[in-house]
Every structure is written in C-alpha cells, then in structure tokens.
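Visitor: I have a structure here, written as structure tokens, and I will follow up with some questions on it.
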C-alpha cells in the first residue's frame, strides 16, 4: 500500500465517498481541492481507495488515467458493539488520487470522474465472496479454536485470506460447500452504516453481520460459484485462496 505525503493536508476536509451510499455509481462530477505533482484531492469521489485488503479502483479523471487511490490517515474511532467485534477504524479521511502524469488541473476546477465498472464489479463479487468464506471458516474451524486472521487480499481475479492457524485440509470441502450453500440462497446483501459515522459500515446477509467498509454486490446471485483451496506456508501461516467461476 502506497503512502502519499501532502502539503497542507491538515487544511483539507474529509472526502465524501459516494461509493458508500451506492457502490454501483460509476461516475460523478467533483471539485478539485488540492493539486500536487501527480496527486489530486477532490471534494467527493466514486473511486474506492485501497483499504481493508481491497485494491483501489481503476478509471480516469477528465480522461486522465488514475494510477492509484489511497486514503490519508484520519481520526481513529472505536465502536463498542456487544454482538460483533469492530476493529479500530480511521474516519474523516482524505482520499488522494494518483494520476499517470502530472495533474493538469487547477484548484476549484470541476472535473468528471469515471471508474472502470467491469473491474469494480469483479472486486465487489470477490469481496462479497470473501465474507461468505470468512463465515464458513469460522463455522467449520472456529468451533474448536479461535481463528487469527493475519491479512486479507482482494483482487479482480482472486482473493486470499492469511491465517496463523493451521487448517485440517480434509475439512476444506465442507467450507466450500457451506460457502456455496449460503450463496445459493440468493438473498440480498445489505450494507448498513454505523449511526456514528458513514466511514464505518456493516455487511449483513440474513443473520450474518460483519464490519466492512468495502464495496459489495447487492445480491448473492451476482457472486457465482466459489472455489477454495488451502496452502500451508510454514508453521505459522495457512493461506486460503478464493476463485470464482
């Protein structure tokens, strides 16, 4: 994950993230607030910035290709919920768009943003699939021991979960079956914002709920069939690889 250093960052307001309300929105107009070499900050954006394991969106700003999208550190907030564990989250963040060339924009200029929808939709499918796998792993393995997730990586062609647990490979078919059985119910996937801030959201499917700020499909019908394989990487790392067909 890249880190960008902005001049006068403290003077920039938090970016309005339109994908929180509508991950299917593919374009918008925005006002340029800050320009620095190949970096651009806008008042609002449809671009998802890399976070939570999900890579950043692709697309363009006024026809100029966007190379990367990152969030600057924001205010840390902790939500105490009795029903689920919510990690410490950064809120009120500034989203920085990195272009493939020096930014040809001026402060105050109106620009048009377009994301690569086919790429975004693949990320949404994989991110939603990953939540079903997380739940299935907890159901199959988590009854015997606490699971320790070390990392999550969501791309347009695959996804991966890294655990410090060692999984019995004989049970992976059960995880795969439970995952696809849940998806086959074809119910809606609901994203709910926390009452305290839109920067904290919850992924809900029936009675399954998890904290998540990523982009997701609206229905499990849009995910496809999930394939899972497990690979051991030494004594303290098992990787769960996810693919869709």
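Visitor: Determine which residues of the stretch 182-213 fall in the zone a paramagnetic label at residue 221 would reach in this model, i.e. backbone nitrogen under 13 Å from the point 7 Å along Cα→Cβ.
Guide: The answer is 184-189, whose backbone nitrogens lie closer than 13 Å to the label point.
Visitor: Considering only C-alpha atoms, what is the centroid distance from the stretch 176-211 to the stretch 85-108, in Å?
Guide: What the calculation gives is 26 Å, centre to centre.
Visitor: Also: Quick one: divide the alpha-carbon radius of gyration of the stretch 120-244 by 2.2 N^0.38 Å and tell me what you get.
Guide: Relative to the 2.2 N^0.38 Å estimate, the stretch 120-244 comes out at 1.03.
Visitor: A further question on this structure: Helix 117-140 versus the longest principal axis of the chain: what angle, 0 to 90°, nearest 10, using Cα atoms?
Guide: Value to nearest ten degrees: 30.
Visitor: Binning at 5 angstrom from zero up to the longest distance, how are the C-alpha pair distances of the stretch 9-115 distributed in percent?
Guide: Whole-percent P(r) values from 0 Å outward: 2, 12, 22, 25, 17, 10, 5, 3, 2, 0.
Visitor: Taking just the alpha carbons, could you work out the radius of gyration and Dmax for the stretch 1-62, both in angstroms?
Guide: 12.1, 32
Visitor: So, one more: For the chain, what's the relative contact order in percent, using C-alpha pairs closer than 8 Å and at least 6 residues apart?
Guide: Value for the chain: 19 percent.
Visitor: Testing the spin-label approximation: label points 7 Å from Cα along Cα→Cβ at residue 210 and residue 117. State their distance in nm.
Guide: Label-label distance for residue 210 and residue 117, simple model: 2.7 nm.
Visitor: Evaluate 2.2 N^0.38 Å with N set to the residue count of the chain, then give the Cα radius of gyration divided by it.
Guide: Dividing the Cα Rg of the chain by 2.2 N^0.38 Å gives 1.06.
Visitor: Helix 172-184: angle to the longest alpha-carbon principal axis of the chain, degrees 0 to 90, nearest 10?
Guide: 60 degrees
Visitor: Considering just Cα atoms, how many Å³ per residue does the convex hull of the stretch 147-207 enclose?
Guide: Convex hull of Cα atoms, per residue: 153 Å³.
Visitor: Using a simple spin-label model with points 7 Å from Cα along the Cα→Cβ vector, what separation in nm is obtained for residue 9 and residue 192?
Guide: Inter-label distance under the simple model: 3.3 nm.
Visitor: Something else now. For the stretch 129-154 and the stretch 64-79, write down the distance between their C-alpha centroids in whole Å.
Guide: For the stretch 129-154 versus the stretch 64-79, the Cα centre distance is 26 Å.
Visitor: Turning to a different aspect of this structure: Distances longer than 13 Å among the Cα atoms of the stretch 118-161: what percent of all pairs is that?
Guide: It works out to 55 percent of all Cα pairs.
Visitor: Which residues does the label zone of residue 75 cover in the stretch 190-214, counting backbone N under 18 Å from a point 7 Å along Cα→Cβ?
Guide: 194-201
Values in this text are rule-based calculations from the coordinates and carry no lab data. Since the model is a prediction, treat every value here as computed from it, not as a measurement. Note that each Cβ is placed from the backbone with ideal geometry, even for glycine, and that neighbours are counted across all protein chains shown.
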